[in-house]
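Just so you know, all these numbers are worked out from the coordinates, no wet-lab data involved. Because the structure is a prediction, the values reported are computed rather than measured. FYI the Cβ positions are ideal-geometry reconstructions off the backbone, even for glycines, and counts take in every protein chain you see.
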Amino acid sequence: MNSAAGTSSGLPAPPATSGETGARAVRGTAFGHGKVILIGEHAVVYDQPALAAGLAMGVTAGATDGTGRLTIPAWDVTVTAGDESPVGRAFGALLARLEVGDVDVSVEAALPSRAGLGSSAALAIAVARAVALARGRDDETARAAAAAAETVFHGTASGIDLAAAASGAIGRFRRSEGWRELPVLQAMPLCVGLTGRPRDTRAQVEAVRRLRERTPAVTAVIEALGALVEPAEHALAVGDIDGLGRLFDVAHGLLAALRVSSPELDAMVHAARAAGAVGAKLTGAGGGGAVIALAPGHERDVLARWKSAGFEGFSTGIGGKLEWPL
Ligand code: PMV
């Protein structure tokens, strides 16, 4: 029964299913946070620092005794470890790293997939931790297994998504230094807007790599993105929302210079500013995906402006208070 079930991230284990019904007991349950990158996407690939924040929404994985099946009803996904699908290959790599084969994992996803909100990293960390808890592996091994899955999804990912998915807090990440949680004076409401166009992280990272090779001056843009991190850290530490918003605007311009923005992303950023945001930028790999906007007191206006332009969005909180009802 459930008494042996482990949990991660402080979530209660779901009730174990009764043997009488024929269902299997959940052995391990874990949560992975969605995330937004506040400053430094793409530059972080080149060992510049970056800032990310965990979201309250994410995915919950439950591991039972089984034969290597993964089901995610919300995303219409059912795979077997090692099958030809990207999720099947990622799940196979994850289980291989944990040296486990005899589990099934069921996932509840409250995060849109491929929207630029870190769904693959949230999935990887939740599944890896659930299986690790079910089979007595340590958290370091679970993180390595999640990284193996992310490599299948994204090639050589910097690791920022996984660090934010595992932490749920605001942190600073640098490839050569890892993740460090940051002091934040006050939680901040944040508007998140969705273009509805799936983004392809691998393709976007590759496009920036080619641009940088052909145009060495682009290195200065990457360094300029990295230079925004220290003032952004200061803005968070003293609760300067306007200051952080201005840095969002600069970051969006620099990301556009790397050619990872799109007409939809630009339209959403401009709409947010017109509705009263103090700053807005694309978040994540770009091309499609999501934007974020800081609009203290104007969250409803931003969401309404996006809606009238045909884009969905929601308001959330970063830096401690993760739920932020309007
Ligand atoms: O997967 P996304 O959309 O959050 O993008 C990841 C961030 C990049 O900097 C573009 C890539 C990386 O590996 O850091």
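In the chain, taking the dipole from charged Cβ atoms about the Cα centre, the farthest positive-side position among ALA74, LEU94, SER113 is held by SER113. Under a model in which nothing but the beta-carbon of Lys, Arg (+1) and Asp, Glu (-1) is charged, the stretch 44-109 shows a dipole of about 140 debye around its Cα centre. Working from label points 7 Å from Cα in the Cα-to-Cβ sense, the ARG114 to ASP138 distance is 3.8 nm. Just how many % of Cα pairs in the stretch 247-290 lie over 12 Å apart, if you round to the nearest whole percent? Tail of the P(r) past 12 Å holds 53 percent of the pairs.
Charge dipole (Cα centre; +1 on Lys/Arg Cβ, -1 on Asp/Glu Cβ; no other charges) of the chain amounts to roughly 400 debye.
Arranged from fewest to most other beta-carbon atoms within 10 Å of their beta carbon, VAL152, VAL36 become VAL152, VAL36. This model, with +1 at the C-beta of Lys and Arg and -1 at the C-beta of Asp and Glu, gives the stretch 273-314 a dipole about its Cα centre of some 80 debye. Under the rule a/c < 1.5 gives rounded, and otherwise a/b versus b/c splits prolate from oblate, where does the stretch 228-326 land using the Cα gyration tensor? Oblate, since a/c reaches 1.5 and b/c is not below a/b.
Dividing the convex hull volume of the alpha-carbon atoms in the stretch 108-224 by its residue count gives 154 Å³ per residue. All C-alpha pair distances within the chain, sorted into 20 Å bins from zero, spread as 34, 55, 11, 0 percent across the bins. Average 1/r across all pairs of distinct alpha carbons in the stretch 26-109, invert it, and you get the Kirkwood radius: 14.4 Å. In the chain, taking the dipole from charged Cβ atoms about the Cα centre, the farthest positive-side position among VAL59, GLY319, THR215 is held by THR215. Per residue, the convex hull spanned by the Cα atoms of the stretch 60-163 amounts to 84 cubic angstrom.
Between LEU211 and SER176, the FRET efficiency from the beta-carbon distance, with R0 = 22 Å, is close to 0.45.
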